[in-house]
Amino acid sequence: MTKESYNLHQGTPRRQFILQDMRQLICKCDRCTDPTELGTFAAAVKCPEKNCSGGYLLPEKACTPGDYLSITLPYIWKCHGCQKKVNTIQETGLIVKTQNIIHENQGCFQALIAKFLQLISQYEGTRLHPNHYELITIKELITQQLSDVVILALMNKKTTITTSAHGTVDIKYCAMLTVKYSQFLLGIRNPGFAPFTHRRGKSILQHFLSIFVDATLKHL
């Protein structure tokens, strides 16, 4: 299969669930058979063991070969640090929380970004790996939202901009965040981790656009 049928960065359990549900397929590519997903840790969850330092639970293997009927089960999750094994992990509900934030903050740009950043701070490294696909989803949303505002400011040659939808926004701060997250997203989508896809192309465009905008704003 050569067509991208799903978001490659969703994590192996979710990808396998989607593939079986949509196409009745079980993928056995290098990424899907590697618990670290070629070093991306896209599904990695913080190990709950108190004595484990920096370990993450990874979807090591299916409990029953060929059975992928659940996003979190029937995988055996194994910590790559302390080697602890568990049969279940707790769902974070982060995607639902993200959707609720979007719904509750429509037309309030600064509150939206602030709450996105708060979610990242709450979960990154404490419950989820920084590359976890749920956190990646939020970072993608931040980059998309900021890019639109920064481009608008650049067109008007301003370092702050006020609109009915966004309020007064510090464009240099927005540009800094855009560079930070676009660079991060591009890093986990390099050719060593994934083939060239639409999402990787979009990350490349946003990254270089954000650097150009950041450099331009310094001269305003």
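Under 5 Å between amide hydrogens, built in the peptide plane, is the criterion, and for GLY81 it picks out TYR56 among residues at least 5 positions away or on other chains. Note on GLU91 and ARG127: the model spin-label points, each 7 Å out from Cα along the C-beta direction, lie 1.3 nm apart.
Given 0.36 nm per residue, what is the gain on full extension from LYS180 to LYS84 after removing their alpha carbon distance, in nm?
Working: separation 96, 0.36 × 96 = 34.56 nm, distance 3.36 nm.
Contour length minus Cα-Cα distance gives 31.2 nm.
Once divided by 2.2 N^0.38 Å, the Cα radius of gyration of segment 8-48 becomes 1.18.
Net length available on complete extension from GLN20 to GLN106 is 27.4 nm, with 0.36 nm assigned per residue and the Cα-Cα distance removed.
Which FRET efficiency value, to the nearest 0.05, is calculated for GLU49 and CYS29 with the Förster distance at 22 angstrom and r the Cβ-Cβ distance? It comes to 0.10. Note on LEU38 and LEU117: the extension gain reaches 25.8 nm, defined as 0.36 nm multiplied by sequence separation minus the Cα-Cα distance. In terms of distances greater than 20 angstrom between alpha carbons, the cross-link table entries LYS46/LYS84; LYS78/LYS115; LYS139/LYS180; LYS97/LYS139 yield LYS78/LYS115.
Computed from the coordinates by the stated procedures, all read-outs in this text should not be read as laboratory data. Predicted model, so just to flag it, every value in this text is computed and none were measured. Glycine also receives a Cβ, built like all others from the backbone with ideal geometry; neighbour counts cover every protein chain displayed.
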